[in-house]
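Quick notes on the structure that follows.
Each reported figure results from applying straightforward, stated rules to the coordinates on display, with no laboratory input. Nothing here was measured: the structure is a model prediction, and the numbers come from that model. Ideal geometry is used to build each Cβ from the backbone, glycine not excepted, and the neighbour counts take in all protein chains shown.
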């Protein structure tokens, strides 16, 4: 059984395929903007919501049917002027969870997602006064961790850069050398101003990380100390998601024409695949639209199941899937609101 | 004072509640606190981090816009929380 969560601007759906075709379940949390899906250490499913009108929250469900809001979710509290706008990502670290949020910050839960506490070492980083938002807001949206050494973490913040910790989040260093900055940078805090869109790592070699940035696609093989461009074969360097299929090691990106246009080049909406670790990229598979298709895919709207399954949702509301590592693509039934997140769900 | 507070359908569905519930309070703020005592999940959706009504949430007392959360309420009054017509750009 393959199950994916589809989080949109106006609710969540679940798509399941037991081999006989896709079936849809939803909407859940109708009307709410869905940030991401995750799983708590105790086994409950989690999803996050925000709203143009209401606050941001974490919700939990034992069966993805009835959802209950976590009362003591991430909050900046009354002392200060930061507002919790959205919860972009939830990362499991052993028996703990980390949440990356906008306005950018990290929160941690050590009690199965019941209560959440700010990670002050990150949220009050010495460069914090210089942090500036990208077009999508000022968001901590991606958290990576070395499975062999949980003390080592990487966090992506738009439009600030990649932060690295080797002491379990007690301290953080910026790690963006080699990445082109989209603007002139900050004179007072020269290490910031990088617009990271997405990062993904090789779980067997956490020092190798691939990065879809505002300014192109990059790779590091030294734990983010230095980054190098890897765009050979791509029609454009701009894009949002980057994912890796654990079964084959293949990487996937969806190029868009520059930060100014943010559209598939010439309306040719394609997934590009690299089977050599990012050294070269090629248009993947068959099944993608052969008519002009001017849509996009957001940073959290693409995921893999680790066994050749790659799934993504578009800003136009379509969901696409491959079950063979990108050789063949199919569009799932249904059309949804703008899709913020697509996640493979472990039921 | 016993006051009937009515919340938007989206929030009622969130906490699996009727839209209107009866709470005790001597001011609008106390009425809201009474609502949050029954449904603590709603605090974050009605108020922001500073305890102020969110910019795109409207609050009415007896059909008049609430000027201050400290304004007094009387027995039988109504407090209506609405999703504002603003805020729906997407």
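Odds and ends about this structure:
- Remark: B:36, A:37 ranked as B:36, A:37, counting other beta-carbon atoms within 10 Å and listing the fewest first.
- Legend: calculated FRET efficiency, residue A:282 to residue A:135, from the Cβ-Cβ distance at R0 = 25 Å, rounded to 0.05, equals 0.30.
- Within a Gaussian network of chain A (alpha carbon springs, distance under 10 Å), most fluctuating of A:133, A:184, A:337: A:184
- Beta bridges from DSSP with both residues in the protein assembly as shown: antiparallel share about 95 percent, rounded to the nearest 5.
- Cα long-axis angle, helix B:28-38 against chain B (0 to 90 degrees, to the nearest 10): 70 degrees
- The Rg/Rh ratio of chain A, with Rg taken over Cα atoms and Rh as the Kirkwood radius over Cα pairs, comes to 0.94.
- Highest-MSF residue in chain A out of A:183, A:296, A:306 [GNM, Cα springs under 10 Å]: A:183
- Computed FRET value (nearest 0.05) for residue A:114 with residue A:81, which takes r as the C-beta separation and R₀ as 35 Å: 0.80
- Once you reduce the range A:94-151 and the range A:1-36 to the center of their Cα atoms, the two points are 26 Å from each other.
- Distance from the C-alpha centroid of the range B:19-87 to that of the range A:250-267: 46 Å, rounded to the whole angstrom.
- Label-point gap, in nm, between residue A:166 and residue B:4 - each point 7 angstrom along Cα→Cβ: 6.6 nm
- Of the residues A:200, A:291, A:71, the one with the fewest other Cβ atoms within 10 Å heads the list, and the complete ranking is A:291, A:71, A:200.
- Exposure proxy order (Cβ contacts within 10 Å, fewest to most) of B:1, A:153, A:64: B:1, A:64, A:153
- Within the range A:105-119, backbone nitrogen closer than 19 Å to the virtual label 7 Å beyond the Cα of residue B:50 toward Cβ: none
- Available extension along the chain between residue A:177 and residue A:331 is 51.6 nm, counting 0.36 nm per residue and deducting the alpha carbon span.
- FRET efficiency for residue B:17 and residue A:150, using Cβ-Cβ distance with R0 set to 35 Å, rounded to 0.05: 0.30
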